[in-house]
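The values are calculated or read from the model by the stated rules, or taken from the named source; none is laboratory data. Remember, predicted model here, so these are calculated numbers, not experimental data. Note that each Cβ is placed from the backbone with ideal geometry, even for glycine, and that neighbours are counted across all protein chains shown. Please note that ligands, DNA and RNA were not included when accessible areas were found on the heavy atoms of the full protein model with its side chains. Shrake-Rupley method; radii C 1.70, N 1.55, O 1.52, S 1.80 Å.
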Amino acid sequence: MNRIVLTLMVFLLGTAAMVAQPTSIKLISPGKNVGEEYRAGSSNDITYDTAGTYRSRFRFQFGTSVTGPWTDLSGVSNVLDSAKRGVVSGGFRVPAVLTQTGYVRMVLLNADGSLNEGVTSVSKNAFKTIQPPPSKIDSILSGSITVNTTLSRNKIYGLRRYVHVMAGATLTIEPGTIVFGDSVGVNSALIINRGAKIIANGRADAPIVFTSSAPSGQRAAGDWGGLIILGKAPINNPGGEAIMEGGFDANDKTRWYYGGSDATDNSGILRYVRVEFGGIALQPNQELNGITLGAVGRGTTFDHVQSSYANDDGFEWFGGTVDAKYLISNGALDDDFDTDNGFSGRVQFGIAQRYATRADQSTSESFESDNDASGSTNQPVTSAIFSNITCIGPLANISTTPNSRFGAAAQIRRNSRESICNSIVLGWPRGIELSSVGTMNAAFNDSLYIHNSSWYGVKSTWLNLAGGTPPAGMTVDWLKGSMFSNKLDASSPDGAMLENPFSDTKFSALPKAGSPVLTGASFDRVAGTVAIDDQFFDKVTYIGAFGTQRWDLPWANYDPINTVYLPGGPTAAGGNVKITYPNGGESFKGFSYQDIKYDTSNTFGMTFKFQFGTTPSGPWTDISSVADASARGNAKGAFAVPNT
């Protein structure tokens, strides 16, 4: 009897393992509807129907006619039709090929990986690809930078594909310099490799800008791959080093690799820097971010840095020890601050600003933290400390229904020990999620802090516990314990009393007079191992990013889509322009002509318009214009005084 049962089990298992290959398939999109348009470089879902079969493998290709020729699409040349049957999220990354007659083809793969041309499907309708024209540049950066190089603010630079700064070389960038990515749809990024340095030491009135090559008004997230800095600090990957995700050459460890044993490694200076529209999906689940930091060491200076419209995370740290202050992530697609693989740095003063229409299929959060992808206990553990962060979510009004792709404001999971202190969260569907037994135990035993923080306008639960059984005594009300000094006002984001936190372009997270967040901070280490009392932290009294003054102006930009960039031109808000005469207190006779003196902070070649008004806010009447060249600094007789 036992022999018969065993034979039947083997037979049934063998039958289940056999794959029923389809005889017909149907590609649904792209090309489902007439007149579809796709922007070069954008990532779009591929949907299909395999007529009830499953676990076959398929290849997806692009062509400019219904009969080809066909080019394999990156990352989707061997797709298993399994749990994700029917859709490949982000599988169609639109190539930089302009056409009115674009098609995608789906082809069944034989067991040996060859194409089964008898089972194919092509887009039902042709689609159009579009690509913004590249802006004018003065100098191209390409290939490898192997010697010390300086970029001047007098030029606009453009990347040609991936540009690597190699070990031993230093790339110095003058304040006010502008660097464009390659043409939209062409993979490009600036990579500072292990042993190399970047000295991007901008100023508040002249930040350094890395941005899209598309013209003003036509820029979009994912136009280029962003800024990548790779160092020699510790990570918890096996072997102590790793290659950046994206499918690069694993045999060349001079590029793309990060990790080492030097916690004080120095990759240079990033100060008063903006990175706009960075982050590309090289293939599904293989993305570059706005700013990617791999094993960057504590010897690196990293402050006053903004990542705008990142096509994945605003900032992602893969291990490393670098400390940071004054960070801004606005308009990111996925997470604002993502930490992995043993990152142990400290971050104080930060802004995370979300847009209600921008969220990722992988679930978008302000904080996402893992020890590693498998949730191991590998050392060093991810143990970053974030303090004085203001997280603006997608919900200005919690009665509205959020995009389902937004999750909790913070998700700490997979054995991470990340701490969040003295911070503000407002307008999120959920508050915070502690996921995995290791992470919950760490929080319960004070090797992970969620202290002295306030949540305003949380639509559903404040604390979610997931991924296992929490320790006895840890419940969904655990954060309310008096020892943690956290506060919850779930009714409305307005309780924080911030100036204008939900404006996309006129954003201000400054507390109003009388705001409850102007007090309540603590830098006492009450228990456990979280060094919130470390001398790195400025011991301010307020929670969140701001007290009574803003540190994000004039260097930050909340409307980079529409900013005009010119060589030598202003890069800070307000244009770095100051009128020095007349400047108040003077008296002029009507119909007289007076000089106008001004300072443009070392810009040149610009044209300015002068206007007259009777109040500091206008209304304004044009009186003159001047080219900032030989007459720079003094427009003689340019002010024709009205008889008013």
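Give me the orientation-averaged projected area of the Cα convex hull of the range 36-109, in nm², one decimal.
Averaged projected area of the range 36-109's Cα convex hull equals 4.9 nm².
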- Query: In what order, largest first, do L109, L333 sit by accessible area if the probe radius is 1.4 Å?
  - Reply: L333, L109
- Quick one: work out the % antiparallel among DSSP beta bridges in the chain, nearest 5. 30 percent
- Based on the Cβ-Cβ distance from T146 to T377, what FRET efficiency comes out when R0 is 35 Å, to the nearest 0.05? 0.30
- Query: By what distance, in whole Å, do the Cα atoms of the range 99-169 stretch along each of the three principal axes, largest value first?
  - Reply: 56, 33, 9
- Between T264 and Q100, with labels modelled 7 Å along Cα→Cβ, what's the label distance in nm to one decimal, could you check? 6.5 nm
- Restricting attention to the alpha-carbon atoms of the range 489-593, what are Rg (one decimal) and Dmax (integer), both in Å? 21.0, 74
- Taking only the alpha-carbon positions of the range 67-125 as identical scatterers, the Debye log10 I(q)/I(0) at q = 0.17, 0.31 Å⁻¹ comes out as -0.66, -1.61
- Note on the structure: With -39,500 (n - 2.57) per DSSP H segment of 4 or more residues and division by the full residue count of the chain, the 222 nm estimate, nearest 500 deg cm²/dmol, is -1000 deg cm²/dmol
- Task: Using all C-alpha to C-alpha distances in the range 367-481, build P(r) with 10 Å bins and read off the rounded percent in each one.
- Result: 14, 47, 32, 6, 0
- Rg and Dmax of the range 129-210, Cα atoms, in Å? 13.0, 41
- Item | Neighbourhood net charge (12 Å Cβ-Cβ; Lys/Arg +1, Asp/Glu -1) for K128 | -1
- Message: On alpha carbon coordinates alone, what is the Rg over Rh value for the range 443-515, Rh being the Kirkwood radius?
- Response: 1.06
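Quick one: order R358, R203, R55 from most to least accessible surface, probe 1.4 Å.
These residues rank, largest area first, as R55, R203, R358.
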- Query: Taking the mean number of other Cβ atoms within 10 Å as a proxy for protection, how do you rank 191-199, 488-496, 529-537, 421-429 from highest to lowest?
  - Reply: 421-429, 191-199, 488-496, 529-537
- Message: Tell me the carbon and sulfur percent of the accessible area for the chain, rounded to whole percent, probe radius 1.4 Å.
- Response: 51 percent
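In Å², what does the accessible area per residue of the range 90-243 work out to with a 1.4 Å probe?
On the way: 5310 Å² over 154 residues.
On a per-residue basis, the range 90-243 sits at 34 Å².
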- Using label points projected 7 Å from each Cα along Cα→Cβ, tell me how many nm separate Q611 and V66, to one decimal. 5.5 nm
- With each pseudo-label sitting 7 Å past Cα toward Cβ, what's the T475-K512 distance in nm, one decimal? 3.6 nm
- Near T563, within a Cβ-to-Cβ distance under 11 Å, what is the net charge of the other residues, with Lys and Arg +1 and Asp and Glu -1? 0
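What ranking of E418, E117 comes out by heavy-atom accessible area, probe 1.4 Å, highest first?
Descending accessible area places them as E117, E418.
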- Query: Between A111 and S24, 0.36 nm times their residue separation minus their Cα-Cα distance comes to what?
  - Reply: 29.6 nm
- Query: What would the Debye formula give as log10 I(q)/I(0) at q = 0.06, 0.07, 0.12 Å⁻¹ for the alpha-carbon point model of the chain, no solvent?
  - Reply: -0.38, -0.51, -1.30
- Note on the structure: In degrees, nearest 10, the alpha-carbon axis of helix 2-17 is tilted away from the dominant principal axis of the alpha carbons of the chain by 40 degrees
- Non-local amide H neighbours of F406 (under 5 Å, H modeled in plane, Pro and chain starts lacking H): which ones? S364
- Calculate one ³J(HN,Hα) per residue across the range 162-170 by plugging θ = phi - 60° into the Karplus curve 6.51 cos²θ - 1.76 cosθ + 1.60, and present them in order as whole Hz with x for glycine and proline. 7, 10, 10, 8, 8, 3, x, 9, 10
- Message: Once R0 is set to 35 Å, what does the formula 1/(1 + (r/R0)^6) return for the Cβ-Cβ distance between I130 and L566, expressed as a FRET efficiency to the nearest 0.05?
- Response: 0.90
- Taking the Cα atoms of the range 238-344 alone, what are Rg (to one decimal) and Dmax (as a whole number) in Å? 13.5, 37
